[in-house]
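Peer 1: Before anything else, here's the structure in question.
The values are calculated or read from the model by the stated rules, or taken from the named source; none is laboratory data. All of these numbers come straight from a predicted model, not from anything done at the bench. Here the Cβ positions follow ideal geometry from the backbone for every residue, glycine too, while neighbour counts run over all protein chains shown. Ligands, DNA and RNA are stripped out before the accessible areas are found, and what is left, the full protein with its side chains, is counted by its heavy atoms. Shrake-Rupley method; radii C 1.70, N 1.55, O 1.52, S 1.80 Å.
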Amino acid sequence: MNINEGGVSHERIKSQVRCQDQKQNRSGKMATLTMNRSWRKVFDEFKEFMWNPKTREFMGRTASSWGLIISFYLVFYAVLSGIFALCLYVMLQTIDHNYPKYEDRLTYPGLMIKPNISSLQITFNGQNQTWQTYVDSINTALKEYNQSTQQQKGIDCPFQGYFRQDNITTDKLACQFTRELLGNCSGLDDASYGYANGTPCVLIKMNRVIHFLPEVIPSLSNTSITITCTGKNDNLLGSRVYFPSTNQNMGSIDLKYYPYYGQWAQPNYTQPYVAVQFLNLTQNMDHNVECLVNAGNIVNNNDRDKFQGRVSFTVRSNTN
């Protein structure tokens with residue numbers, strides 16, 4: 001019994017060895033056939049894939065199959081485009097072109113200055129034209145303030161008080177603001193805006209807020225809001241003059257430039273400027289300047305927002 005079992009086991013081992021040899025032979029033959037395939041054969045197979053004349057298939061599909069799948073995707077993407085266009089149309093119906101839906105970021109308007117400098121630091125030497133960049137920036141800002149341009153864009157507003165146009169459905173009018181109102185800082189008499197003489201001009205404007213009506217402070221002016229600039233060390237900052245100004249030597253912005261109705265409704269609106277000129281800066285030192293807008297409904301002393309109703313910058317006049 002043990003011999004027979006041993007014989008059977010021996011035969012099984014031989015059979016398994018033969019099977020493994022046959023598999024190895026077949027694998028070797030297949031590898032040899034694959035290696036022996038010519039580029040011609042591969043190219044012929046690719047051509048047959050691209051166009052099979054027997055089945056009339058292009059890239060594995062017949063003309064009717066291609067037509068069905070192309071039609072499906074055309075209809076599919078057309079429906080998607082239609083849904084997107086419908087959603088966009090419905091959304092646009094909720095938007096008022098003349099008034100922003102959300103304006104929580106501008107509870108109170110801030111101030112900006114020209115020349116436009118990212119560091120808010122003006123450093124120049126009147127003797128070597130290091131101020132030319134500042135002059136170019138102011139020239140660009142006042143390009144639209146020439147008298148000929150303003151006569152085409154706006155109207156002469158001799159009145160005082162707000163220029164309300166709430167009931168006008170066509171383009172709303174705008175009051176003219178010409179560079180002549182900026183006096184010595186207009187660039188008409190002094191092309192360097194005082195920088196060549198060490199008496200630099202800085203232009204100040206208030207950010208536009210649609211429908212905002214600034215309130216006057218009667219003790220300062222009855223017809224305009226005012227702007228004042230002070231230095232951390234005011235004596236060293238020296239004297240300064242404003243254009244246009246009030247009788248109390250403060251910058252003045254007339255109420256007739258308000259309200260602003262938005263670029264869509266009032267495309268010719270010209271933003272008013274106040275220019276401040278520093279007449280006798282102490283040279284070779286930094287002067288920290290803060291300019292405030294004074295209005296009854298504008299907060300300018302919020303420590304959490306340094307640009308709310310005010311702007312701070314540094315000015316330095318060097319002699320070497």
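Peer 1: Which of the residues spanning segment 198-228 are outside any loop (DSSP other than H, G, I, E, B), in contact with a Gly (Cβ under 8 Å, 6 or more places away or on another chain) and under 21 Å from ARG179 (Cβ atoms)?
Peer 2: CYS201, ILE204, MET206, THR226, ILE227 - these are the residues of segment 198-228 that are outside any loop (DSSP other than H, G, I, E, B), in contact with a Gly (Cβ under 8 Å, 6 or more places away or on another chain) and under 21 Å from ARG179 (Cβ atoms).
Peer 1: Just checking, does segment 274-288 include any residue being aromatic (Phe, Trp, Tyr) and within 20 Å of SER118 (Cβ to Cβ)?
Peer 2: No, every residue in segment 274-288 fails to be aromatic (Phe, Trp, Tyr) and within 20 Å of SER118 (Cβ to Cβ).
Peer 1: Another question, if that's okay. If you take the residues of segment 218-238 that are over 18 Å from PHE313 (Cβ atoms) and either modelled with pLDDT of 95 or more or buried (at least 19 other Cβ atoms within 10 Å of the Cβ) (or both), which of them is farthest from the chain's Cα centre (by Cα)?
Peer 2: The qualifying residue farthest from the chain's Cα centre (by Cα) is SER221.
Peer 1: Mind listing just one residue for me: the one in segment 285-303 that is open to solvent by 60 Å² or more (accessible area, probe 1.4 Å) and polar (S, T, N, Q) and, of those, farthest from PRO109 (Cα to Cα)?
Peer 2: ASN288
Peer 1: I'd like to know if segment 112-123 contains one or more residues that are in a helix (DSSP H, G or I) and farther than 30 Å from ASP171 by Cβ.
Peer 2: no
Peer 1: Can you tell me which residue among THR133, THR149 is free of Cβ contacts under 8 Å to residues at least 24 places away in the same chain and open to solvent by less than 70 Å² (accessible area, probe 1.4 Å)?
Peer 2: THR149 is the lone residue from the list that is free of Cβ contacts under 8 Å to residues at least 24 places away in the same chain and open to solvent by less than 70 Å² (accessible area, probe 1.4 Å).
Peer 1: Which condition does LEU188 not pass, out of (1) more than 18 Å from SER224 (Cα to Cα); (2) of a type in the set (A, V, I, L, M, F, W, C); (3) buried (at least 16 other Cβ atoms within 10 Å of the Cβ), if it passes all the others?
Peer 2: LEU188 satisfies every listed condition except (3).
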